[in-house]
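S.K.: Pasting a structure below so you can have a look.
The values are calculated or read from the model by the stated rules, or taken from the named source; none is laboratory data. Just so we're clear, the structure is a prediction, and the values are computed from it rather than from any experiment. FYI the Cβ positions are ideal-geometry reconstructions off the backbone, even for glycines, and counts take in every protein chain you see.
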Amino acid sequence: MTKMNRRAAIGAAGASGVAFLIGGIRPSAGGLFDEGVEQAVAATCVMTPAKTEGPYFVDEKLNRSDIRETQDGGKLALTMYVFDADNDCAPVQGATVDIWHCNAAGLYSDESANGTSGQKWLRGYQTTDATGKVTFTTIYPGWYSGRAVHIHFKVRHDSLEFTSQLFFTDDMNTTVFKKAPYSSRPTPDTTDERDNIYGTDGGSLLLQPQSDGAGGYTADFSVGVSAGGSGSTTSDSSLAAALSSVKALRTSAGTRKLRLTVTSSESVSAVARAKRSLAAGKHSFKVTIPSSVAAGAVTLRLTFTDAAGNTKTVKRTVHVARRRQL
């Protein structure tokens, strides 16, 4: 492909654009730049609803990914991504994420009321990596009277402390609870709709577990918090152009997009799948995110070249929201 002066490239998923590097995320070929992008109507970078901590949080300070210990139940591999809803969906690195929940019999560990003092199963924390990611291996939680099936979680980062809960659909619970060890107990007495914590926004806290092919489940969830600013932009003094911001958007048709804002104090050129004329100044572009890309962290890679042949690659990890069902 021929190099073109005074042009810049904003790429997307594929060989010469945005690189989708996180496990489980796959790019699709072609069609990533939308020349006639409609006005975005809703940002996908949103705050996650907070929920009560409840009476069973114990700050055990157990740094571990597998929290099952001796507890029997359907294996659940849970991946969580923490992003800053106030900072262009930037991933929050170094956050402590605790999860805790009841066992298949509806009991919490280390609770005298449950007769489990000194036991520490189904509790633990992990620290988010550069993509805002943590992973846990646990079991599908059981139920106890008066509550819908749920998992508690807490995010702590600097002065931030955010607490909420994750839920499961009633249909999913029915399916899981037909199997041992859950099947020895009666049907749960509280649905999501009747739960006094689930509320009107509980639907945004639902997990959608998928079979892992071995009798267990996998699920992921993205947590939007107000972290006071995270993320960074690569700088390079040899070329005066920069990716100044990335904003996640959703159009009225439900299409997910990224709006990239580029600033430059010189004319630059680059070669990529799509090209735009750029003079010095500030320019914005929109990139469509393929429907095949799963929710979570992705790495955006943008390459500039100036008239002197200097090159500069800017990388930014951004959060991709789950697809909206229309």
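S.K.: Identify, by number, the condition in (1) more than 17 Å from the chain's Cα centre (by Cα); (2) surrounded by fewer than 23 Cβ atoms within 10 Å (Cβ to Cβ) that GLN93 doesn't meet.
M.R.: Every listed condition holds for GLN93 apart from (1).
S.K.: Is it fair to say ARG194 is touching a residue at least 40 places away in the same chain (Cβ under 8 Å), out of contact with any helix residue (DSSP H, G or I) (no Cβ under 8 Å at 6 or more places or on another chain) and surrounded by fewer than 16 Cβ atoms within 10 Å (Cβ to Cβ)?
M.R.: yes
S.K.: Scan the range 117-160 residue by residue and report those that are among the β-branched types (Val, Ile, Thr) and within 30 Å of PRO186 (Cα to Cα).
M.R.: Hits for the range 117-160 are THR137, THR138, ILE139, VAL149, ILE151.
S.K.: For the subset of the range 119-147 comprising residues that are within 30 Å of ALA90 (Cα to Cα) and of a type in the set (D, E, K, R), which member is surrounded by the fewest Cβ atoms within 10 Å (Cβ to Cβ)?
M.R.: ASP129
S.K.: For GLY54, all conditions in the list (1) of a type in the set (Gly, Ala, Ser); (2) assigned to a loop (DSSP other than H, G, I, E, B); (3) assigned by TED's automatic domain parsing to the domain that holds ASN173; (4) within 24 Å of GLN208 (Cα to Cα) hold save one; what is the number of the exception?
M.R.: In the conditions (1) of a type in the set (Gly, Ala, Ser); (2) assigned to a loop (DSSP other than H, G, I, E, B); (3) assigned by TED's automatic domain parsing to the domain that holds ASN173; (4) within 24 Å of GLN208 (Cα to Cα), GLY54 misses (3) alone.
S.K.: Quickly run through the range 148-186 and pick out the residues that are part of a loop (DSSP other than H, G, I, E, B) and either modelled with pLDDT under 95 or buried (at least 20 other Cβ atoms within 10 Å of the Cβ) (or both).
M.R.: Answer for the range 148-186, where residues must be part of a loop (DSSP other than H, G, I, E, B) and either modelled with pLDDT under 95 or buried (at least 20 other Cβ atoms within 10 Å of the Cβ) (or both): ALA148, VAL149, ASP158, SER159, PHE168, PHE177.
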